[in-house]
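The values are calculated or read from the model by the stated rules, or taken from the named source; none is laboratory data. In this text, all values refer to a predicted model and were calculated from it rather than measured experimentally. When we count neighbours, we look across all protein chains shown, and the Cβ atoms used for this are built from the backbone with ideal geometry, even at glycine.
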Amino acid sequence: MSKGVVIFAFNNEQIDYETIAHLNASMIEYNMNVPVHIITSYEAAVAGYTDQIAIGNRHYKDYNQTLSFNNGLRWNVFELSPFDETLVLDADYLIMNDRLNAVWGNPNELMINTDIVPLFKDEFIENVRLHDLGIKMAWATAIYFKKTALVEQFFNIMEHVYENYMYYRQVYEFGGDLYRNDFAASIARHMLNSFTDNTMVSIPSLPISRLLTSKPEDEIVDFKCANHIKVKVMLPNKPNEYIINSVKNTNIHFLNKKTILDSGDRIAELYR
Amino acid sequence: MASNIEKAYDFVNFRATIVNQKHLLLAQLEERLTCYINGGVFRAEPGFIAFIGEIITSGYESAPILDVNNNPILIEDLVEFKNTLLSSYTEVVYDYWQDWENIRTERDLKKIADV
C-alpha cells in the first residue's frame with residue numbers, strides 16, 4: 001500500500017501558496033520521511049477542475065487585503081491523490097514532528113479532528129460547533145483516509161455541500177456566505193453518521209487529537225533550529241500587545257501566510 | 001529580524017509569557033506521548049503502562065490490546081511493547097521537566113522564549 005501526504009496549493013493575487021506548500025513539504029519529508037504530492041492549479045487544470053478552485057473573496061488579516069479565496073477542490077482529493085493511504089494537510093499546517101506517522105496502516109479508514117488547541121492558552125475558539133447549538137466542528141486541516149467506499153461517500157457529500165452551500169447554511173444554521181472545507185467536512189461527518197454525532201460509523205480523531213492553531217495576527221519571529229520556532233503571540237482583546245513564546249517539536253497550524261513566506265529562506269536552509 | 005525581537009520584548013507581558021509557555025510545553029507533551037505499532041495508536045500513560053505490566057505478570061507474552069480508538073491490535077511481544085511505552089514516557093516527561101524547571105527559575109524573558 002502506497003502512502004503519502006497531499007497538499008492543495010492554489011496561489012491568489014498576493015499569496016504564493018505553492019511556495020508555502022513546498023516549504024512545508026520539506027518539513028514533512030524531514031520529519032516524517034514520506035512522499036508529498038502538491039496539487040497546484042496546473043494539475044487541477046489538467047484534471048479539468050479549474051472552475052472548482054476559486055470559492056470567492058475573503059479578507060486576509062496578514063495582508064490587510066481582500067483577496068481571492070482559492071480553497072476549493074478538496075472534495076476531489078479522493079480522485080486526485082496518488083496514494084492508497086493519504087494524509088491531506090493544509091499547506092500552512094507546519095509539521096515539526098513525526099507523530100502523524102501513526103496513521104499509516106490504521107484500521108480506521110477515515111480520521112478527522114474535532115478539537116483544536118489555541119496558541120494562546122484559554123483563548124476563545126469561535127467554531128467549536130457550526131453554531132451555538134449545532135453539530136461539532138470537524139477540522140479539515142488534516143484528514144487521513146484510505147480509498148474505500150465510505151470515504152468516497154464522505155467526499156461526495158463534501159462536494160454536494162459545496163454545490164448547495166446556501167441550502168446547507170440554512171439547515172445547519174451557520175454564518176457566512178463563503179464556502180469552508182471545515183463546514184463541509186463537519187456536515188459530511190454528521191450525515192455519514194446517520195445525522196448523529198459519531199455513533200454509526202467510526203470517524204475518530206487523528207493521533208494528534210488537538211491541532212495547535214494560531215491566529216492570523218500571530219507571527220513567526222525566528223526559526224531557532226529545525227522544529228523550534230519563536231512565535232509572537234498577540235494577546236486576545238489587547239490590540240498591539242503580544243508575548244514571545246517558543247514552540248518546539250509540535251505541529252502548528254499557522255494562519256498567517258505572510259510570516260511563513262517571510263521565513264522561507266530559513267525553512268529552506270534548515271530542512272533541505 | 002533582530003530589531004523585531006527587541007521591539008517585541010519592549011511590550012512583553014512577563015506572566016502571560018510564562019503561563020503560555022507552560023501551555024505550549026503541555027501541547028508538545030501530549031503530541032509526543034503518542035506511540036504507534038501495527039497500525040494502532042497508543043498513549044504512553046502511567047495507567048496504561050501498568051496495565052500492560054499486569055498482563056505480562058499474568059503470564060501472557062502476546063495479546064490483542066485496544067488502542068485509543070478501541071481498535072484491537074495484536075501485540076506480539078508485550079515486553080518489548082511495554083519497554084517502548086516506558087522509555088517514551090520517561091524520555092518525554094524528562095524533557096518536559098527540564099523545560100519546566102528552566103521556566104520556573106528563569107526571570108529573563110528572552111531565555112524563556114528560548115526554552
May I ask you to list the residues in segment B:20-37 that are touching a strand residue (DSSP E or B) at 6+ places or on another chain (Cβ under 9 Å), in contact (Cβ under 8 Å) with a residue 40 or more places away in the chain and within 7 Å of chain A (Cβ to nearest Cβ)?
B:Gln21, B:Gln28
Restricting to segment B:49-80, what's the tally of residues that are touching a strand residue (DSSP E or B) at 6+ places or on another chain (Cβ under 7 Å) and within 21 Å of A:Pro204 (Cβ to Cβ)?
11
Could you tell me whether segment B:89-109 includes any residue that is in contact with a strand residue (DSSP E or B) (Cβ under 7 Å, 6 or more places away or on another chain) and more than 8 Å from every other protein chain (Cβ to nearest Cβ)?
no
Every residue in segment A:82-106 that is away from chain B (no Cβ under 13 Å) and surrounded by fewer than 19 Cβ atoms within 10 Å (Cβ to Cβ), please.
A:Pro82, A:Asp84
Kindly check whether there is at least one residue in segment B:75-84 that is in a helix (DSSP H, G or I) and within 14 Å of chain A (Cβ to nearest Cβ).
yes
Is it the case that some residue within segment A:64-81 is modelled with pLDDT of 95 or more, surrounded by 15 or more Cβ atoms within 10 Å (Cβ to Cβ), of a type outside the set (A, V, I, L, M, F, W, C) and closer than 28 Å to A:Thr250 by Cα?
yes
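Listed here are the residues, each with its yes/no results for (1) more than 10 Å from every other protein chain (Cβ to nearest Cβ); (2) among the hydroxyl-bearing types (Ser, Thr, Tyr).
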{"position": "A:Ile187", "(1), (2)": "yes, no"}
{"position": "A:His190", "(1), (2)": "yes, no"}
{"position": "A:Ser194", "(1), (2)": "yes, yes"}
{"position": "A:Asn198", "(1), (2)": "yes, no"}
{"position": "A:Pro204", "(1), (2)": "no, no"}
{"position": "A:Arg210", "(1), (2)": "no, no"}
{"position": "A:Lys215", "(1), (2)": "yes, no"}
{"position": "A:Lys224", "(1), (2)": "no, no"}
Looking only at segment B:68-108, which residues are within 17 Å of B:Asn20 (Cβ to Cβ) and buried (at least 18 other Cβ atoms within 10 Å of the Cβ)?
B:Asp99
Considering segment A:226-242 alone, what residues qualify as being at the interface with another protein chain (Cβ under 7 Å from one of its Cβ atoms) and closer than 14 Å to A:Glu123 by Cα?
A:Val233, A:Leu235, A:Tyr242
Could you pull out every one of the strands (runs of 3 or more DSSP E) wholly within segment A:76-167 that has 2 or more residues that are closer than 21 Å to A:Ser26 by Cα and in contact (Cβ under 8 Å) with a residue 60 or more places away in the chain?
A:85-89, A:139-146
Residues satisfying the stated conditions in segment A:1-56, i.e. modelled with pLDDT of 95 or more, farther than 17 Å from A:Ile267 by Cα and of a type in the set (D, E, K, R)
A:Lys3
Confirm whether A:Ser186 is within 20 Å of the chain's Cα centre (by Cα) and at pLDDT 95 or above.
yes
Tell me the residue from A:Ser186, A:Ser205, A:Ser209 that is closer than 13 Å to A:Ile112 by Cβ, touching a residue at least 40 places away in the same chain (Cβ under 8 Å) and touching a Ser or Thr at 6+ places or on another chain (Cβ under 8 Å), please.
A:Ser205
For B:Ala50, indicate whether it is away from chain A (no Cβ under 12 Å), surrounded by fewer than 15 Cβ atoms within 10 Å (Cβ to Cβ), of a type in the set (A, V, I, L, M, F, W, C) and over 30 Å from A:Asp222 (Cα atoms).
yes
Please determine, by comparing only the residues of segment A:170-183 that are assigned to a helix (DSSP H, G or I) and without any contact (Cβ under 8 Å) to a residue 12 or more places away in the chain, which one is surrounded by the fewest Cβ atoms within 10 Å (Cβ to Cβ).
A:Gln170
